[in-house]
Amino acid sequence: MSDIGVTVKKNEAFSEWYTEVVVKSGLADYAPIKGCMIIREHAYAIWEKIQGIINKKIQATGHLNVYFPMFIPEGFLKKEAEHFEGFTPEVAWVTHGGDSPLEEKLAVRPTSETIMYATFAKWIRSWRDLPIKINQWCNIVRWETKATKLFLRTREFLWQEGHTAHATSEEAEKEVLYILGEYRDLMENYLAIPVLVGLKSDSEKFAGALYTMTLEAMMPDGKALQMGTSHNLGQNFAKVFDIKFVGEDEKDHQVWQTSWGVTTRLIGAVVMVHGDDKGLVLPPKVAPIQVVIVPIPYKGADAEAISSKAKEVAAKLQARGISVVLDERAEYTPGWKFNQWELKGVPLRIEIGPRDLKQQQVTIARRDTGQKIAVKEEEIFATVEKLFEDIQNNLFEKAKVALAEKTFTVQNYEEFKRIVAEIGGFLKVAWCGSSECETKIKDETGATIRVRPLENEKPTVTCIRCGQKAKEMVFFARSY
RNA sequence: GGGGCUGUCGGCUAGCUUGGUCUAGGCUUGUAGACUUGGGCUCUAUAGACCCCGGUUCAAAUCCGGGCAGCCCCA
């Protein structure tokens, strides 16, 4: 284990800073397989927090967890042409069992629509079987050929994928928006990361979907990060997998479907958005360890009394549902511990030393601001709760400011190019709606349409690229 | 997709340009002990490395080729 802290500054060498923080804080490690990562204890604990939040949300609305095989027969993938075309370049194939070649090669799932929907066709016969609302937590393999980056782009990652089938188009549409709303709540109110929400353009939508809704965040280096997607699949898969039911009208109908997911990439976003030169900064709502208590047992001080006070405080906080670590390791100095827990992003640190004991108080330090305050013993819990709220809000507010600072409205293509090249960020522009302009802008600047916002305002100017009549205002950015 | 850079103890690195006292040095870390503890204490002892394959050469960490891996920049 390396115990040396972060050696580069976030605003000087962002990419290296990110890698250092991820590795040194114990979130992840490089795996001995190219493009793959080891998700370590700390990151997995954050992932479990995210799982808890999502499970609670979706289970409250009748979605249940399942598990489907990770192998998908080639024939399944091929059924929906656009889907197959979209995913086949990065599918990992299983071709042999032991030494014997398989009759039909198997894809290691790049996503599970096809294997699930082949099964839906068996499960669904009547309108009474609908809706189907399932979700699975699993790993996904997409054999990236581009440079990989811890959490943001790896060949294998973890996600949840929700899949639903409905009797009507309206129901499916409602589901897509419902999930979008819950994702937004997760990202903004738990991860403290503001997002732009809206539609993907046709060239960026999910392969096989009618349309894709997306949530996009802005990273400090000016690149956008797709945080989650919710797809309306329409009847595209229902047609090819023949998923039909007899309706109340006694006629055959095809189902309407949705799928939606978020991945471990969210953890990378938290690192990038909130982290600082000392390491991680975790929002209290998703911090696996919310409070660390560091006793300061001076020589000659009553170490026994300090230790028992620390235990007492820890127990009281734990009893109220707060996740606490009491760091009584004698072999490390307090200063060393401060640095280590700061690297790991623990939101609050409570110091208890002789001075505190004498005055029946503790010292509480905030991770986000570094501010230290003395708190009377009887006020510890209330103060901790209050500080959690403050930190959670502070992180979100800071991220909102950062997003606003990196959002530009431009009407001139030269200025557009300059901002993309020099600053990055989201560029709000008028767009004619043609994929030609979209492609040209991508080729000329590297920026793509990240979001077509839901609450669309009518453009008052012409298309940024072609100067023709504009259809809508969209957000361009370069992205991860 | 294109270009560039880099691989040395667990981590960070010196050495490489100009092959030879390199028997590979330092810091950090690990282990044992002592001393300490309000911001990465100090001391002692000890452990630990030239990415892999091939080539050139009397001689390779150093030069050449290939592989693998990582990073950066551009699209």
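Nothing in this text is a laboratory measurement; each read-out follows from the coordinates by a stated rule. On a predicted model such as this, the values are computed, not experimentally measured, just so you know. Here the Cβ positions follow ideal geometry from the backbone for every residue, glycine too, while neighbour counts run over all protein chains shown.
Using the alpha-carbon centroid of each, what span in Å lies between segment A:231-252 and segment A:395-438?
What the calculation gives is 40 Å, centre to centre.
Any chance you could run the full-extension gain for A:Ala382 through A:Trp93? It's 0.36 nm times the residue separation minus the Cα-Cα distance, nm to one decimal.
98.5 nm
Beyond a 29 Å Cα-Cα separation, which of these cross-linked pairs lie in this structure: A:Lys442/A:Lys469; A:Lys174/A:Lys469; A:Lys311/A:Lys398; A:Lys149/A:Lys205?
In this structure, A:Lys174/A:Lys469; A:Lys311/A:Lys398 lie more than 29 Å apart at Cα.
Do the sum for chain A: with -39,500 (n - 2.57) for every DSSP H run of n ≥ 4, divided by all residues, what is the mean residue ellipticity at 222 nm, to the nearest 500 deg cm²/dmol?
-11000 deg cm²/dmol
Hey, fewest Cβ within 10 Å first, where do A:Arg418, A:Arg109, A:Arg366, A:Arg465 land in order?
By the 10 Å Cβ count, ascending, the order reads A:Arg418, A:Arg366, A:Arg465, A:Arg109.
Less than 19 Å apart at the alpha-carbon level, and either on another chain or at least 8 residues along: which aspartates and glutamates does that give for A:Lys309?
A:Asp327, A:Glu328, A:Glu351, A:Asp356, A:Glu377, A:Glu378, A:Glu379
If the only charges are +1 at each Lys and Arg Cβ and -1 at each Asp and Glu Cβ, what is the size of the charge dipole of segment A:374-475 around the Cα centre, to the nearest 20 debye?
720 debye
Percent relative contact order of segment A:289-390, based on C-alpha pairs within less than 8 angstrom and at least six residues apart?
Here the relative contact order equals 29 percent.
Checking the cross-link filter: which aspartates and glutamates have an alpha carbon closer than 12 Å to that of A:Lys440, excluding same-chain neighbours under 8 positions apart?
Counting by Cα, and skipping residues close in sequence, A:Lys440 has no aspartates and glutamates nearby.
For segment A:348-480, just the Cα atoms, rotate onto the principal axes and tell me the three extents in Å, largest first.
The principal-axis extents, from largest down, are 75, 28, 20 Å.
Above 36 Å lies some portion of the pair distances; for chain A, what is it as a whole percent of all C-alpha pairs?
The share of Cα pairs beyond 36 Å in chain A comes to 39 percent.
List the aspartates and glutamates whose alpha-carbon lies under 19 Å from that of A:Lys133, not counting same-chain residues fewer than 8 positions away?
A:Glu113, A:Glu161, A:Glu170, A:Glu171, A:Glu173, A:Glu175, A:Glu182, A:Asp242
If eta is 0.890 mPa s and T is 25 °C, what Stokes-Einstein diffusion coefficient results for segment A:289-390, Kirkwood Rh from Cα pairs, in µm²/s?
For these conditions, the coefficient is 182 µm²/s.
Let me spell out the model: positive unit charges on the Cβ of Lys and Arg, negative unit charges on the Cβ of Asp and Glu, origin at the Cα centre of chain A. What dipole size does that give, in debye rounded to 20?
My answer is approximately 640 debye.
Averaging the inverse of every distinct alpha carbon separation and then flipping it gives the Kirkwood radius. What is it for segment A:407-477, in angstrom units?
After inverting the pairwise mean of 1/r, the radius is 11.7 Å.
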